[in-house]
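Okay, so here's the structure we're looking at.
The values are calculated or read from the model by the stated rules, or taken from the named source; none is laboratory data. Because the structure is predicted, anything quoted here is derived from the model rather than measured. Side chains included, ligands, DNA and RNA excluded: accessible areas come from the protein's heavy atoms. Shrake-Rupley method; radii C 1.70, N 1.55, O 1.52, S 1.80 Å.
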Amino acid sequence: QCEDTYQSEGLCDFNDYVCVQPNIFFRMDDLQDADAEIVLAGGSGTVQELIASVMQREAGLTRSENRPLIVVNSEIGEGRHRTRVYDPLLAAMPNDYFSKYNIHVVSTVDEALALVKKTQVLSGKYVPPTVPVQVPPAPSP
């Protein structure tokens with residue numbers, strides 16, 4: 001999370017780990033050290049991070065082998081206005097980017113986590129959890 005977002009929104013109280021960066025540029029750089037990237041619905045900063053990750057993969061500045069970039073393209077809106085969050089952005093991306101740069105599009109967080117686990121198993125990085133992970137209930141609207 002970036003310092004300004006932390007100041008305005010606070011932190012989630014059930015994170016295992018939190019890293020507050022001074023700005024989005026430090027945050028984007030830090031994300032490139034992760035074993036995988038999962039992109040959820042977000043604001044302009046999230047789109048900026050997604051595009052930066054694709055550009056770094058394209059330029060060869062960050063590895064993409066065994067390091068998926070997973071876009072959770074969830075549905076938003078109501079009735080006839082229901083749409084998937086990243087459809088316009090994904091439609092603008094060349095089709096070969098998905099396989100070339102290890103970019104995956106899924107509909108749910110569970111699908112994203114399963115893909116990360118599969119990648120870690122294949123690369124020999126997977127370590128089974130020693131205690132069950134407890135996910136807190138979603139906040140009520």
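Things to note:
- Accessible surface for residue 123 stands near 40 Å², nearest 10, in the context of the full protein assembly shown (1.4 Å probe).
- Long-range amide H partners of residue 70 with built H, under 5 Å: 37, 38, 39, 104
- Solvent-accessible surface of region 61-107, taken per residue with a 1.4 Å probe and all protein chains present: 61 Å².
- When 40, 31 are compared by accessible surface with a 1.4 Å probe, the order from highest to lowest is 40, 31.
- For region 18-76, the carbon plus sulfur part of the accessible surface works out to 54%, probe radius 1.4 Å.
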